[in-house]
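Have a look at the structure below before the remarks.
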Amino acid sequence: MPTLATHADPAPSRSIAEAVNRWFAGAARPLPWRAADVSPWAVLVSEFMLQQTQVARVQPRWEEWMRRWPTPADLAAAPPSEAVRMWDRLGYPRRALWLHRAATEIVERHGGAVPRDLDALLALQGVGPYTARAIAAFAFGERHPVVDTNTRRVIARAVGGVAEAGPPATARDLDAMSSLLPDDAAAARAFNAGAMELGATVCTARSPRCDDCPIATHCAWRAAGYPEYDGPRRARQARFEGSDREARGLVMRELRAAHRPVAPRELADVVAEPGRLARAVDGLVADGLAVRVEGGLALPEA
DNA sequence: AACGCGTGGAT
DNA sequence: TATCCAAGCGT
């Protein structure tokens, strides 16, 4: 029976997972939300904070957050304004609102306990394909493929032989990870975390440290001679300086600090251009991050 | 499907 | 210094 395989390895997927897990067993960073005794809620909070935000920035905020609101019910009992204030400058403050909403949903629908079921997780505000599977896998040990930007890059390189992953395609990305995932739930959990860790610390976007890579001998990109990427590039982020996005951040900073309604006049001091300020305020109100009240603009109290 | 959404670390 | 891009999500 002829085969296209030209190498001796009959199960490259299994080899990759085994090599990653061997490496991860010794290389895993001691992140606090990975401790054996943390609650599913603690894992959920970490995953919200880690959406598009690096570990180093999340860690201190996560510690404070868990001290103040150790359970979903604790957060649900606080006003959204306090969640947004505690979020401080972590970025994408909508996530603070989503986390508060998710806590309320957990209390109302699940008796205050983070659900284990994937569909129940996906139904929570702010929980998408990545976060739902991360919680199921890391908090509950369920066997699911967990795919984040790091994992996508590792698979693109090691399996696909290309330098970058290209635009996300959730179904295909999950399938690709599934084909590498060990059958054993504990090994699958470790591989999900290990692939992310490898992408975050070794197989990085900018300057990958291929000399230190535990799967270098399995890597299709390496075997191909590290060809440059020629596929579709992700659209460049718009310039931040002078953007509406920056204006939103400046307005939010005022609202967090004020503890009282902020008058339009005060906002004009931080965003001088009227059109830009108006777009920022309208957008924040539409997102529920700000409410128009007597005397100006404020954070949502409920 | 492509876009908008904050902030700051890394190079 | 400027640019890239980061444990994504909702629309």
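See the values below:
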{"quantity": "Options A:Ala25, A:Ala35: the member that is without any contact (Cβ under 8 Å) to a residue 24 or more places away in the chain and either surrounded by 22 or more Cβ atoms within 10 Å (Cβ to Cβ) or among the small types (Gly, Ala, Ser) (or both)", "calculated": "A:Ala35"}
{"quantity": "Among residues of region A:133-157, those that are without any contact (Cβ under 8 Å) to a residue 40 or more places away in the chain and among the polar types (S, T, N, Q), counted", "calculated": "0"}
{"quantity": "Criterion (open to solvent by less than 20 Å² (accessible area, probe 1.4 Å) and assigned to a strand (DSSP E or B)) met by exactly one of A:Leu289, A:Leu284, A:Leu297, A:Leu267", "calculated": "A:Leu297"}
{"quantity": "Count of region A:195-254 residues which are outside any loop (DSSP other than H, G, I, E, B), touching a Pro at 6+ places or on another chain (Cβ under 8 Å) and open to solvent by 40 Å² or more (accessible area, probe 1.4 Å)", "calculated": "1"}
{"quantity": "Number of positions in region A:130-156 that are aromatic (Phe, Trp, Tyr) and assigned to a loop (DSSP other than H, G, I, E, B)", "calculated": "0"}
{"quantity": "Residue in region A:85-98 that is within 14 Å of A:Pro40 (Cα to Cα), without any contact (Cβ under 8 Å) to a residue 40 or more places away in the chain and open to solvent by less than 30 Å² (accessible area, probe 1.4 Å) present", "calculated": "no"}
{"quantity": "The one condition in (1) at pLDDT below 95; (2) under 22 Å from A:Leu44 (Cβ atoms) that A:Pro167 fails to fulfil", "calculated": "(2)"}
{"quantity": "Qualifying positions in region A:122-136 - under 21 Å from A:Leu181 (Cα atoms), away from DNA strand B (no atom under 16 Å from the Cβ) and open to solvent by less than 20 Å² (accessible area, probe 1.4 Å)", "calculated": "A:Ala132, A:Ala134, A:Ile135, A:Ala136"}
{"quantity": "Top-ranked residue in region A:50-68 [being over 14 Å from the mean Cα position of the chain (by Cα) and within 14 Å of DNA strand B (Cβ to nearest atom); ranked as least open to solvent (accessible area, probe 1.4 Å)]", "calculated": "A:Arg61"}
{"quantity": "Every pair of residues 6+ apart whose Cβ atoms lie under 6 Å, when the first sits in region A:235-246 and is among the charged types (D, E, K, R) and more than 6 Å from DNA strand B (Cβ to nearest atom) while the second is open to solvent by 100 Å² or more (accessible area, probe 1.4 Å) and in a loop (DSSP other than H, G, I, E, B)", "calculated": "A:Glu246/A:Phe240"}
{"quantity": "Enumeration of residues in region A:157-190 that are crowded, with 23+ Cβ neighbours inside 10 Å, of a type in the set (Gly, Ala, Ser) and part of a helix (DSSP H, G or I)", "calculated": "A:Ala158, A:Ala188"}
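The values are calculated or read from the model by the stated rules, or taken from the named source; none is laboratory data. In this text, all values refer to a predicted model and were calculated from it rather than measured experimentally. Every residue, glycine as well, gets a Cβ built from its backbone with ideal geometry; the counts of neighbours run over all protein chains shown. Note: areas computed on protein heavy atoms with side chains; ligands, DNA, RNA excluded. Shrake-Rupley method; radii C 1.70, N 1.55, O 1.52, S 1.80 Å.
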